[in-house]
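Worksheet: one structure, shown below.
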Amino acid sequence: QVQLVESGGGTVQPGGSLRLSCTASRSILSIVTMRWYRQAPGKERELVASISSSGTTYYSNSAKGRFTISRDNTKNTMYLQMNSLKAEDTAVYYCHIFYEMDYWGKGTLVSVSS
């Protein structure tokens, strides 16, 4: 079993920044791909970014150029640095790994509003 706990969400004005964190309860981050998803009200959950065990990153078109995913295996933690935030980035952000099965955190709410 693995528990994932997200933190760092909050309310920010358009153009602002936030850094999300996802900490795992076990030292397995070095061997799994980690992903950030988000779900906006009334919309389906969508992949925002991922980082593989080798460090290869992927970004959705909406995240490219504004968000940066990273990981610190020594802290069992993944990060999502979000800059130039827009109203359409408002969503609950979830971290995910697959380690023998799917694991999800409970999410952290990001609200971008003036």
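The values are calculated or read from the model by the stated rules, or taken from the named source; none is laboratory data. What you see is a predicted model; the values in this text were computed from it and never measured. When we count neighbours, we look across all protein chains shown, and the Cβ atoms used for this are built from the backbone with ideal geometry, even at glycine. SASA here: full protein model, heavy atoms, side chains in, ligands and nucleic acids out. Shrake-Rupley method; radii C 1.70, N 1.55, O 1.52, S 1.80 Å.
Let me know the longest stretch in the chain that avoids all GluC sites (Glu not before Pro) found in a DSSP loop with at most 12 other C-beta atoms within 10 Å.
45-99
Ranked from the most accessible area to the least, with a 1.4 Å probe and all protein chains present, what is the order of Arg38, Arg45?
Sorted by accessible area, descending: Arg45, Arg38.
Express the carbon and sulfur contribution to the solvent-accessible surface of the range 1-97 as a percent, rounded to the nearest whole number, probe 1.4 angstrom. Don't jump to the answer; show the numbers that get you there.
Values: 2190 of 4840 Å².
Carbon and sulfur atoms account for 45 percent of the accessible area of the range 1-97.
Considering the chain as a Gaussian network with a 10 Å cut-off on Cα pairs, which listed residue, Met82, Met101, Met34, attains the greatest mean-square fluctuation?
It is Met101.
From the phi angles alone, apply the Karplus equation (6.51, -1.76, 1.60; θ = phi - 60°) to the range 23-31 and give each ³J(HN,Hα) in whole Hz, x where the residue is Gly or Pro.
My calculation for the range 23-31 gives 10, 9, 7, 10, 7, 10, 4, 6, 10 Hz in order.
Between Ser27 and Ser53, 0.36 nm times their residue separation minus their Cα-Cα distance comes to what?
Once the chain is fully extended between Ser27 and Ser53, it gains 8.1 nm.
What is the packing order of peptides 7-13, 105-111, taking the mean over residues of other C-beta atoms within 10 Å and listing the highest first? Please report the intermediate quantities before stating the final value.
Values: 7-13: 14.1, 105-111: 17.1.
The packing order, highest mean first, is 105-111, 7-13.
Determine the order of Asp72, Asp102, Asp89 by accessible area, beginning with the largest, at a probe radius of 1.4 Å.
Largest to smallest exposure gives the sequence Asp102, Asp72, Asp89.
Per residue, how many Å² of accessible area does the chain show with a 1.4 Å probe? It would help to have the intermediate numbers written out before the result.
Details: 6040 Å² over 114 residues.
Accessible area per residue: 53 Å².
Calculate one ³J(HN,Hα) per residue across the range 40-50 by plugging θ = phi - 60° into the Karplus curve 6.51 cos²θ - 1.76 cosθ + 1.60, and present them in order as whole Hz with x for glycine and proline.
Couplings: 8, x, x, 10, 7, 5, 10, 6, 9, 7, 8 Hz.
If you look at just the Cα atoms of the chain, how large are its Rg and its Dmax in Å?
In order Rg, Dmax, the Cα atoms of the chain give 13.2, 42 Å.
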